[in-house]
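S.K.: The structure under discussion is supplied below as structure tokens; questions concerning it will follow.
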Number of protein chains: 2
Amino acid sequence: MTFDAIDKKLISFLQEDSKQTNKELSNKLNLSVTAVYERIKKLEKENVINKYVALVNKEKVDKAFVAFCHVKLTRHSQDYVVKFEKEVANINEVLECYHLSGDYDYLLKVLVKDMVAFREFMVKKLTNIDHIGSTHSMFVINEVKHSTVINV
Amino acid sequence: MTFDAIDKKLISFLQEDSKQTNKELSNKLNLSVTAVYERIKKLEKENVINKYVALVNKEKVDKAFVAFCHVKLTRHSQDYVVKFEKEVANINEVLECYHLSGDYDYLLKVLVKDMVAFREFMVKKLTNIDHIGSTHSMFVINEVKHSTVINV
DNA sequence: ACTGAAATGTCAAGGCC
DNA sequence: GGCCTTGACATTTCAGT
């Protein structure tokens, strides 16, 4: 799929605020409401837009403690890798998990209440998974930027 | 602010899909449409829900190459730190930036088209910022999990 | 891509536990 | 304080052009 200048603007606008009405968007884009509607439907159908979500303030729901954990596996046969990835995806404290190049195998982003909860998470959930070799945790002192907007 | 069981479910539902109508939510929660509406307004007013956004498929907009960069500053006086944070926040390839505990000062999540674009980013944008000491880049081989849903 | 109209949704008012 | 029902108004959605 290829995007013209209007599509690109539309994608940007919707990434910033998906609750805008098509009428508001039509004004910003100098288009009719229906034209906006059809462009959006197309973006959804082509899966350019995956989903619409509400973003929650982590402080307000008492999950202000953020950590990144590097995890190394002891063995790398496919069985272990698949099992680790499946189990880690089911831990709700883990919002993100990436298989990475470099010294460590995985990078996890973890959200919990505080350091006590983080210890609980490490002891009871993460290191309960088989074949975890070493872990290395880094704690977020300050979130400088956190955006979901991809530049198109 | 304190949440009852219905609030928690509502927050979860909206984090999964913010385009559900109040009617659909009222069915799931066994509530009237207005009750749902008022609870949502309250969550928005209290800033529990920050914003509503469309999430875009990075492959479809040609930003499938993801890297994490650790960055260390040479000096840590307030001026340099503030300046670095401000400049890095303005780079659109950098979606996230965290000030971290540990060996490196910052962790950046970077989205670009490919390795060529990543090199461009490093040479022309990141290392153009003053007082960057060392950087260490890790590339995402596979995105195992990427969720915006905080468990409440 | 636009106009126009039906279907559907949002949101305010008033009343009831 | 939080819930419900009702009704006005706005928005979405779709046909016809």
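S.K.: Going by what's in this entry, would residue B:12 be described as closer than 25 Å to residue A:92 by Cα, within 7 Å of chain A (Cβ to nearest Cβ) and small (Gly, Ala, Ser)?
M.R.: Answer is no for this residue.
S.K.: Would you say residue B:74 is modelled with pLDDT under 95 and in contact with a helix residue (DSSP H, G or I) (Cβ under 9 Å, 6 or more places away or on another chain)? So that I can check it myself, show each step before the final result.
M.R.: Details: modelled with pLDDT under 95: yes; in contact with a helix residue (DSSP H, G or I) (Cβ under 9 Å, 6 or more places away or on another chain): yes.
Yes: the conditions hold for residue B:74.
S.K.: Pairs needed: first member in the range A:25-52, more than 14 Å from every other protein chain (Cβ to nearest Cβ); second member anywhere, assigned to a helix (DSSP H, G or I) and more than 12 Å from DNA strand D (Cβ to nearest atom); C-beta distance under 6 Å; at least 6 residues apart or different chains.
M.R.: Correct list of pairs: A:29/A:6.
S.K.: In this structure, is residue A:18 within 13 Å of DNA strand C (Cβ to nearest atom) and closer than 24 Å to residue B:22 by Cβ? Lay out the reasoning, then the answer.
M.R.: Numbers: within 13 Å of DNA strand C (Cβ to nearest atom): yes; closer than 24 Å to residue B:22 by Cβ: yes.
Criteria met by residue A:18.
Residue-wise test of (1) more than 24 Å from residue B:51 (Cα to Cα); (2) surrounded by 17 or more Cβ atoms within 10 Å (Cβ to Cβ); (3) of a type in the set (Ser, Thr, Tyr).
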site: A:2; (1), (2), (3): yes, no, yes
site: A:13; (1), (2), (3): no, yes, no
site: A:28; (1), (2), (3): no, no, no
site: A:32; (1), (2), (3): yes, no, yes
site: A:37; (1), (2), (3): no, no, yes
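S.K.: Let me confirm something: among B:116, B:82, B:94, which residue is at the interface with chain A (Cβ under 7 Å from one of its Cβ atoms), out of contact with any Gly (no Cβ under 6 Å at 6 or more places or on another chain) and not aromatic (Phe, Trp, Tyr)?
M.R.: None of the other options fit; the residue is B:94.
S.K.: May I pose another question? Answer with yes or no whether residue B:107 is assigned to a strand (DSSP E or B) and either farther than 30 Å from residue B:48 by Cβ or facing chain A (nearest Cβ under 7 Å) (or both).
M.R.: Yes: the conditions hold for residue B:107.
S.K.: Return yes when residue B:75 is within 16 Å of DNA strand C (Cβ to nearest atom) and either assigned to a helix (DSSP H, G or I) or surrounded by fewer than 17 Cβ atoms within 10 Å (Cβ to Cβ) (or both) and no when it is not.
M.R.: no
S.K.: Surrounded by 16 or more Cβ atoms within 10 Å (Cβ to Cβ), within 30 Å of residue A:3 (Cβ to Cβ) and among the small types (Gly, Ala, Ser): is that true of residue A:54 in this structure?
M.R.: Spelling it out, residue A:54 is indeed surrounded by 16 or more Cβ atoms within 10 Å (Cβ to Cβ), within 30 Å of residue A:3 (Cβ to Cβ) and among the small types (Gly, Ala, Ser).
S.K.: While we're here: Scan the range B:58-72 and give yes if some residue there is facing another protein chain (nearest Cβ under 7 Å), among the aromatic types (Phe, Trp, Tyr), within 16 Å of DNA strand D (Cβ to nearest atom) and outside any helix (DSSP H, G or I), otherwise no.
M.R.: no
S.K.: For the range B:89-102, indicate whether the set of residues that are closer than 19 Å to residue B:128 by Cβ, in a helix (DSSP H, G or I) and either at pLDDT 95 or above or within 16 Å of DNA strand C (Cβ to nearest atom) (or both) is non-empty.
M.R.: Within the range B:89-102, one or more residues are closer than 19 Å to residue B:128 by Cβ, in a helix (DSSP H, G or I) and either at pLDDT 95 or above or within 16 Å of DNA strand C (Cβ to nearest atom) (or both).
S.K.: Step by step: first the residues of the range A:134-152, then only those that are of a type in the set (Gly, Ala, Ser) and touching a residue at least 24 places away in the same chain (Cβ under 8 Å), then the one that is farthest from the other protein chains (Cβ to nearest Cβ). Which residue is that?
M.R.: The selected residue is A:134.
The values are calculated or read from the model by the stated rules, or taken from the named source; none is laboratory data. Please read these numbers as outputs of a predicted model, since none were measured by experiment. As a convention, Cβ positions derive from the backbone with ideal geometry for all residues, glycine included, and neighbour counts pool all protein chains shown.
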